[in-house]
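The values are calculated or read from the model by the stated rules, or taken from the named source; none is laboratory data. Model, not experiment: these values are computed from the prediction. A quick note on method: Cβ atoms are made from the backbone with ideal geometry, for glycine too, and the neighbour counts reach across all protein chains shown.
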């Protein structure tokens, strides 16, 4: 994972969004490459060799 790999942010009326910051290894959501994604609970996020599950809780 790159030091500035992706940014997670909240957008009113939309919810949680994850945006790739043009990292070399990319960003993966549920096994599919993505540059920008609206997250929902349960989504599997991959950043480089790191994977985690989005729970959608503060």
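Please go through the stretch 25-58 and give me each residue that is surrounded by 11 or more Cβ atoms within 10 Å (Cβ to Cβ), closer than 22 Å to residue 3 by Cα, in contact (Cβ under 8 Å) with a residue 40 or more places away in the chain and over 8 Å from the mean Cα position of the chain (by Cα), ordered by number. Of everything in the stretch 25-58, just one residue is surrounded by 11 or more Cβ atoms within 10 Å (Cβ to Cβ), closer than 22 Å to residue 3 by Cα, in contact (Cβ under 8 Å) with a residue 40 or more places away in the chain and over 8 Å from the mean Cα position of the chain (by Cα), namely 48.
Scanning the stretch 16-30 for residues that are in contact with a strand residue (DSSP E or B) (Cβ under 8 Å, 6 or more places away or on another chain), modelled with pLDDT under 95 and at positive phi yields one hit, 26. Quickly run through the stretch 1-15 and pick out the residues that are surrounded by 12 or more Cβ atoms within 10 Å (Cβ to Cβ) and either part of a loop (DSSP other than H, G, I, E, B) or out of contact with any strand residue (DSSP E or B) (no Cβ under 6 Å at 6 or more places or on another chain) (or both). Within the stretch 1-15, 1, 2, 5 qualify.
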